[in-house]
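Below you'll find the structure, written out as structure tokens, and then a few comments.
We did not get these values from a lab; they are worked out from the coordinates using the rules stated. Computed from a predicted model, the values in this text were never measured in an experiment. When we count neighbours, we look across all protein chains shown, and the Cβ atoms used for this are built from the backbone with ideal geometry, even at glycine.
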Amino acid sequence: MLATLIPLFDDKMSVCAYSVFARKENHFLNPEMEAGARFDGAGTVHELEVVSSMGVATLSGGKEVFVPINQFSIFSEISLQCTVPAGKVVLLMDNTILPEEQYIRRVKELKEQGYKLAIRKLPITSFEPYREILSRCDYILLNHSKIDISKAKIYFSSVYPNIKLCAVNVDTQEEYDELKKDGGYDLYEGSFFRMPVKESETEVSPLKVNYIELLNVVNNPDFDLTDAADVIGKDPALVISLLEIVNRMALNSEITSIRHAAAMMGQKELKRWINTAVTKELCSDKPSEITRLVMIRAKFAENLAESFELAMQAPELFIMGLFSALDIMLEKTMQEALDMVVVPKNVKAALLDGEGDYAKVLNFVKKYEDADWTEVSRIMVVDGIKMDEVYEAYLSALRWYRDLIPVT
């Protein structure tokens, strides 16, 4: 099993829901399945397996999850496969589900069972023929480049006033800003929120300079605990977080100073905590999904270390994941951002030039995030990586992030 989450944003860059995309088999190992890929999930909605096994709290932070269904899986026993509240699940239909009696009847049944409904890949010419299905949908996903939203807004508000419009394939920040300005869409899906910075926009704020100083202290070989403690002491939020963690570690010990707390954690754990906590703070003025993205990316990359025969480099792969959006955090190009921080040379080569063994891991993680299952499967075959290892590595990263939130 392979599975990943794609966020859907509102016009304030807040994540309102996630689409879940899964692949049950590696089609490179089972080429006979590739021709019948569209029949995948005929008896089982694999995405519901993921949702049910993880729960919406861990998977999406309690937000709605969009689960794709096709012309076959729509007739499966969805209520038996789904163990989470129906109201949290949006069944995402496509144009293989036709406006015919058997499908209309099934759509009515699912709606009565409490599921929300969405539809995608529907051309404008099909809006009227799909009236019976669209009238029961909560969302419609539209390719913004192929539709006049001003006309679509008038049409849907008149004919389907309760349906929410979602713009998909929003690939740049400029596209998002323009669509948001024009209005009409309720949600947006695409890679716009994590696109690399091409030109530096602003000076780095003094607070972020302090965080960079701390990163540089702990990412130097054999850094001094007292130096790290002194930089931590400049930021009240980091001080409070550090003391909370150490107090849980040493219930019967009285922590007398920040230096004492740093010594209690030890060099290895303090370095890991600082890299994670500081990355979160650097993302604090960005969409919350950036924090989630880099944290899960870091842990996922670390978890994949052994699969890529880089077990001894797992800590550096973690740092690579954390810093993979450093350009976005600092609003600098990646070259300028990496010039400001101390990072291992292999991490720098991967982030800046896409070279080296670390780059292979980063590329794999990014393809996985995009649900590019063809490329993910190809890499697994070439490198002899088992699907179950990858799936567990990803789920473990999701669990780690869930547990990290109250700590940081």
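Points to keep in mind about this one:
- Relative to the Cα centre, the charge distribution of segment 277-377, modelled as +1 at Lys and Arg Cβ and -1 at Asp and Glu Cβ, gives a dipole magnitude of about 200 debye.
- Loop-located trypsin sites (Lys or Arg not before Pro) in segment 343-408, at most 14 other Cβ atoms within 10 Å (DSSP): Lys386
- Of the trypsin sites (Lys or Arg not before Pro) found in segment 98-204, those that fall in a DSSP loop while having at most 11 other beta-carbon atoms within 10 Å are Lys198.
- Given charges at beta-carbon only (K, R positive; D, E negative), |dipole| of segment 2-192 in Debye: 440
- Put the Cα centre of segment 345-370 next to the Cα centre of segment 218-293 and the gap is 27 Å.
- For Cα extents along the principal axes in Å, computed directly from the structure shown, the correct entry in [x] 64, 59, 49; [y] 72, 46, 46; [z] 77, 55, 37 is [y].
- Share antiparallel - DSSP beta bridges, the chain, percent rounded to 5: 30
- Leading residue at positive end of dipole, segment 2-192 (Cβ point charges), from Ser150, Cys16, Leu134: Leu134
- Put in line by how crowded their Cβ is, counting other Cβ atoms within 10 Å and starting with the fewest, Lys286, Lys234 read Lys234, Lys286.
- Charged-residue dipole, Cβ positions (Lys, Arg, Asp, Glu), the chain about Cα centre, Debye nearest 20: 1000
- Extension gain (nm, one decimal) between Met312 and Asp11, 0.36 nm per residue minus Cα-Cα: 104.1 nm
- Extension gain (nm, one decimal) between Asp171 and Trp400, 0.36 nm per residue minus Cα-Cα: 79.6 nm
- Ranking Thr83, Ala337, Ile232 by how far each Cα lies toward the positive end of the dipole of the chain (charges on Cβ) leaves Thr83 at the top.
- Take the Cα of Asp388, step 7 Å toward its Cβ, do the same at Ser200, and the gap between the two points is 5.0 nm.
- Order of Asp388, Asp224, Asp327 - criterion: other Cβ atoms within 10 Å of each residue's Cβ, fewest first: Asp388, Asp224, Asp327
- Percentage relative contact order, segment 2-192, counting C-alpha pairs under 8 Å, at least six apart: 18
- Counted charge near Glu309, where neighbours are those whose Cβ lies closer than 10 Å (Asp, Glu -1; Lys, Arg +1): -3
- Computed lengthening from Ile154 to Lys111, 0.36 nm per intervening residue step minus Cα-Cα distance: 13.0 nm
- Which of Ser288, Ser19, Ser257 has the fewest Cβ neighbours within 10 Å, and the rest in rising order: Ser257, Ser288, Ser19
- Toward the positive end of the charge dipole of segment 163-250, with +1 on the Cβ of Lys and Arg and -1 on the Cβ of Asp and Glu, the farthest Cα among Asn220, Asn247, Val197 is that of Asn247.
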